[in-house]
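To start, the structure under review is shown below, and the notes come after it.
The values are calculated or read from the model by the stated rules, or taken from the named source; none is laboratory data. Being a predicted model, the structure only gives us computed values, none of them experimental. Here the Cβ positions follow ideal geometry from the backbone for every residue, glycine too, while neighbour counts run over all protein chains shown.
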Amino acid sequence: MKRLFLFSLLLTLVLGANAQKFMTKNGYIGFFSHTPMEDIKADNNQVVGVLDISSGEMVYQALIKSFHFDRALMEEHFNENYMESDKIPKSIFKGKITNLASVDFTKPGTYDVTVDGDLTIHDVTNKISTKGTIEVVSGGINASSKFNIVPEDYKIAIPGVVREKIDKNLGVTVTMKFTPVAK
Amino acid sequence: MKRLSLILFLSLISLGIFAQDDLMNLVNQSTPKEINYTTATFKSTRIMNGHSIERMPHGQLDVRISHRFGTLNSGGYNFFGLDQSNIHLGLEYGITNWLMVGVGRSEFEKTFDGFAKFSILRQSTGAKNMPVSVSVLTSVALKTLKFTDQTRTNYFTSRLAYVGQILVARKINEAFSVQLTPSYVHRNLVATELDPNDIFALGAGARVKLTKRVSLNGEYYYIANPKTYLSQQVYNPLSVGFDIETGGHVFQLFFTNSLGMTEKQFIGGTTGQWKKGDIHFGFNISRVFTLVKHQKPANY
């Protein structure tokens, strides 16, 4: 009885210690909107991302005010009128690689993965599923993905006068260069 | 044995939860505590006539076209002032994120003007707490109207007037911002020797956001000097109106008792009186062009 308890405790500890985590503080998330009237593009290279290769879980967090636009006025409108970043300063993605078995983290190479998770933007959470790649390189792991989101799904109101200038499907690009978390 | 498997089961569950929380904690710990600068205290670099603490960011060019029509009390014959108009054209540019400069030309007294506005402090929360934004404005006005008295020696410097302002503003909440503007105007040449060369004034402005794209603005300058000059009687300028934002443009539509559109003109040069109906309808149109695009980080 005691031994079994000890065993389960040990198992927990071992599993915990074995959880191999990778992270970055300079992850990139950008989005792009193309319409015949206007191209809009924003970049954020201060995204914090964490990947746990034992479970395939990943968490990304982006500060809305760290998205930068070519036009200062667009950036102001983005923060002020659309994202309300004073009230809602962050966006978060919590997801999991569903085909973790097909990635060999010990062998350098590029692996196709599918990630399912919850994307929270503007305080609205939606389930998303997207394809991406995991690239195992020496000293780290690169992860990237491209997918589309619809602003209205996140209760981001776009008034009629500018609706034609903003793509109904925004293209999102995610690029992370993870390094191991020192324990 | 049952209890044991329960413990085992629970510990595994807790492990799962622990792993997720752990990732989230790691993310939160690693997210830098940023300085959260207050943005959009006002919609435009002007509250109405006078400057707001807002500045053009680096590389942005603001093209401004402003009109003040005649007075409402000029009657139906003059279409309540709309038959007359005064124009000010301005080109304004953000050299850095804390310095903007501008040049302009007013029809009123054929005046050229130039200014520099420095952002000294920015209201912020987070890693740095700053309750107010502070800017300093200096401007020069060059009157090119022909001298009325051609017989005396007229100096170039007689055409100049200087303005210094300290702008202190606070965005109190999402919808409400206020600004105080202590101002000093020096006019090199005045009409008579009893007219003051130096004028001291305190400006106050506010905006109330009505919707995401429309705000109600008010602006008032209290002039501390006696307002009865030998040459003319002047009044405190008061302006009330709306900011309307449509994508790339900001329209400011308002009523004011001042015909002048630069500091030198409306501080100590406002001869209209609200209660007599010397009210001008006016508008400013601002269109911002991006001359310098921001650089995408090189490593992506």
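At a glance:
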quantity: Count of the stretch A:75-86 residues which are within 17 Å of A:Y154 (Cα to Cα), in a helix (DSSP H, G or I) and more than 7 Å from chain B (Cβ to nearest Cβ); calculated: 3
quantity: Search result, residues across the stretch B:116-148 that are in contact (Cβ under 8 Å) with a residue 40 or more places away in the chain and of a type in the set (F, W, Y); calculated: none
quantity: Scope the stretch B:226-250; condition in a strand (DSSP E or B) and surrounded by 15 or more Cβ atoms within 10 Å (Cβ to Cβ); matching residues; calculated: B:L238, B:S239, B:V240, B:G241, B:F242, B:D243, B:I244, B:E245, B:V250
quantity: Extreme residue, nearest to the other protein chains (Cβ to nearest Cβ), among residues of the stretch B:24-46 that are within 21 Å of the chain's Cα centre (by Cα) and hydrophobic (A, V, I, L, M, F, W, C); calculated: B:A40
quantity: Any hit, the stretch A:91-101, residues being facing another protein chain (nearest Cβ under 8 Å), of a type outside the set (A, V, I, L, M) and assigned to a helix (DSSP H, G or I); calculated: no
quantity: Filtered residues of the stretch A:55-74 (kept if modelled with pLDDT of 90 or more and more than 8 Å from chain B (Cβ to nearest Cβ)); calculated: A:G56, A:A62, A:I64, A:F67
quantity: The listed residue being more than 14 Å from every other protein chain (Cβ to nearest Cβ) and under 30 Å from A:D86 (Cβ atoms), out of B:L259, B:L180, B:L210, B:L189; calculated: B:L180
